[in-house]
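Shown next, in structure tokens, is the structure this report addresses.
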Amino acid sequence: MSGVRRAAPALSFVFVFLLSSACVSRKKEPLGGDWYIVWERSNLPEAGGTHPHLYRKRGFGGRRVEENTWRYRYLGDDCVLYVAGNANRGELMAACGNHAPVVIAPHMNDHVQGYIRDTGISGDPIAVSGRMVSVREIKSRAQQAL
């Protein structure tokens with residue numbers, strides 16, 4: 001009987017994990033290269049709705065790079081540009097290949113104050129905090145990260 005009591009908490013954890021994962025639907029949106037967005041939607045209204053997360057392919061699955069990535073763009077050469085939404089950071093970030101993401105500009109979450117113009121993060125060059133930055137410059141900075 002003691003073996004059953006020891007196994008009960010583990011079985012409860014597995015049951016709760018399976019139940020919670022069944023409540024989330026996921027949809028992949030390929031961006032380019034090894035990058036993609038996973039749109040996670042909770043089937044429970046109180047759980048927060050739909051959220052896009054930036055992923056990078058890795059082996060047999062993927063690695064989550066950023067949460068709540070609402071604005072993003074594939075730049076080519078296996079590089080992405082995105083506004084980090086996790087914990088309301090709002091930095092404009094870039095990442096290339098397996099390099100660590102780099103901050104291109106802080107506080108990019110305030111669209112109203114003109115940190116990102118109406119065109120968002122499209123075009124070349126991109127207006128970033130009142131300065132024009134070329135896509136080539138962004139990719140170069142991201143490719144040099146460790």
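Could you tell me which residue of the range 74-93 is nearest to ARG131 (Cα to Cα), considering only residues that are outside any loop (DSSP other than H, G, I, E, B) and open to solvent by 60 Å² or more (accessible area, probe 1.4 Å)?
Filtering first and then ranking leaves TYR74.
Considering only residues that are in a loop (DSSP other than H, G, I, E, B) and either within 16 Å of ASP77 (Cα to Cα) or at pLDDT 90 or above (or both), which ones fall in the range 94-121?
GLY97, ASN98, HIS99, ALA100, PRO101, listed by residue number.
Name every residue in the range 94-106 that is surrounded by 14 or more Cβ atoms within 10 Å (Cβ to Cβ), small (Gly, Ala, Ser) and within 18 Å of GLY33 (Cα to Cα), in order of residue number.
Passing the criteria: ALA94, ALA95, GLY97.
For the subset of the range 6-63 comprising residues that are aliphatic (A, V, I, L, M) and either in contact with a Gly (Cβ under 6 Å, 6 or more places away or on another chain) or modelled with pLDDT of 85 or more (or both), which member is farthest from ALA94 (Cα to Cα)?
Once the filter is applied, the top-ranked residue is VAL38.
Report every pair of residues separated by at least 6 positions or lying on different chains whose Cβ atoms are under 7 Å apart, first residue within the range 47-68 and under 18 Å from VAL103 (Cβ atoms) and assigned to a strand (DSSP E or B), second among the polar types (S, T, N, Q) and open to solvent by 40 Å² or more (accessible area, probe 1.4 Å).
From residues that are under 18 Å from VAL103 (Cβ atoms) and assigned to a strand (DSSP E or B), the pairs are GLU66/ASN86.
The values are calculated or read from the model by the stated rules, or taken from the named source; none is laboratory data. As the structure is a prediction and not an experimental result, all values here were calculated from the model. We place every Cβ from the backbone using ideal geometry, glycine too, and count neighbours over all the protein chains shown. For accessibility, only protein heavy atoms count, side chains too; no ligands or nucleic acids. Shrake-Rupley method; radii C 1.70, N 1.55, O 1.52, S 1.80 Å.
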